[in-house]
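Here is the structure we will look at, set down as structure tokens.
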Amino acid sequence: MSRRKHRSVKRRSQSGRPRLAAERIEILDDAAAIRGHPRAFTTSDPRQTYYRLAVTVLSSALADAELGGTFANLQWRSDGTFVVENDGASLPVGKHPQFAGCSGLEVLFSKLYAEKPTRSSPDALPLAVVAALSSRLRVDTSFAGGRYRTEWDDGRLSSATHRVGSVDTYITTVNFLPDARLIGNISDIDRMDIYDRIVSHAKAFARVPAVIEGDVLGSWIRTALQP
């Protein structure tokens, strides 16, 4: 996927009409490009951006939880960090066939056009945008009895997917801090309004009956998928 950014151009065609010069078309397909042009994926309202980043990861977790899981939870901590966890389908830690040396998980959070074969929310952004617009992001997932971790700093992969231990339970956790330098200071916005919208999204997105717990800012939004 590529995004074209329009700029005013002085060049004119032979007919005298303004034209867009081909060399001025920018391809925003990596973290550096996304961070350089955050408004191509966000709005001037930081509340909407925080909301969309949160529901992007939460809707992904809900879709994964529907594949054999029982819950998808979200917490928005006082420092602005979001923590999203689910016990459904694990994220892929094996090497991706099209990108030498990259795990499927790294591709999901690094390539703008990468998508999972699960449903997504209309409010969701590509997962790569979440990584690019976060000052830090860490993904922990479980596969074949092992716990695997992948980390990004300022949109750049800082720690490739690697095993960090053994586990008996299969839980995926995404921990990310949106970059206030690109989005806006969290202290300047009404967090409770965003929190309420995230709760409403969780209720609407879950296809199976869900129970939402936690109505105090900072508490967990717990979506328990009922059999």
key: In segment 23-71, residue most open to solvent (accessible area, probe 1.4 Å) [restricted to those that are modelled with pLDDT under 85 and among the basic types (K, R)]   = R39
inquiry  = Being among the basic types (K, R), farther than 20 Å from D45 by Cβ and open to solvent by 30 Å² or more (accessible area, probe 1.4 Å): is that true of R197 here?
reply    = no
request  = Being of a type outside the set (K, R) and touching a Gly at 6+ places or on another chain (Cβ under 7 Å) is the filter; apply it to segment 77-90 and report the residue that is surrounded by the most Cβ atoms within 10 Å (Cβ to Cβ).
outcome  = N86
query = What's the number of the condition V107 fails, among (1) free of Cβ contacts under 8 Å to residues at least 12 places away in the same chain; (2) over 26 Å from T169 (Cβ atoms)?
reply = (2)
request  = Find all pairs meeting these conditions: Cβ atoms under 8 angstrom apart; at least six residues apart or on different chains; first residue within segment 179-191 and farther than 21 Å from A131 by Cα; second residue open to solvent by 80 Å² or more (accessible area, probe 1.4 Å).
outcome  = I189/R47; D190/R47
remark   = Scanning segment 140-151 residue by residue, those touching a Lys or Arg at 6+ places or on another chain (Cβ under 7 Å) and open to solvent by less than 20 Å² (accessible area, probe 1.4 Å) turn out to be D140, G146
note = When segment 171-196 is checked residue by residue, the ones that are touching an Asp or Glu at 6+ places or on another chain (Cβ under 6 Å) and among the hydroxyl-bearing types (S, T, Y) are T173
ask   = When you look at V130, is it open to solvent by less than 40 Å² (accessible area, probe 1.4 Å), of a type in the set (A, V, I, L, M), touching a strand residue (DSSP E or B) at 6+ places or on another chain (Cβ under 7 Å) and over 29 Å from S200 (Cβ atoms), yes or no?
value = no
task = Residue by residue through segment 161-192, note down the ones that are in contact with a Phe, Trp or Tyr (Cβ under 9 Å, 6 or more places away or on another chain) and assigned to a helix (DSSP H, G or I).
result = I183, I186, R191
message = I'd like to check something: does segment 210-222 contain any residue that is touching a helix residue (DSSP H, G or I) at 6+ places or on another chain (Cβ under 9 Å), at pLDDT 70 or above and aliphatic (A, V, I, L, M)?
response = yes
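The values are calculated or read from the model by the stated rules, or taken from the named source; none is laboratory data. Predicted model only: the values in this text are computed from it and were never measured. Backbone-built Cβ (ideal geometry, glycine too); neighbour counts: all protein chains shown. Quick note on the areas: whole protein, heavy atoms, side chains included, nothing else; ligands and nucleic acids left out. Shrake-Rupley method; radii C 1.70, N 1.55, O 1.52, S 1.80 Å.
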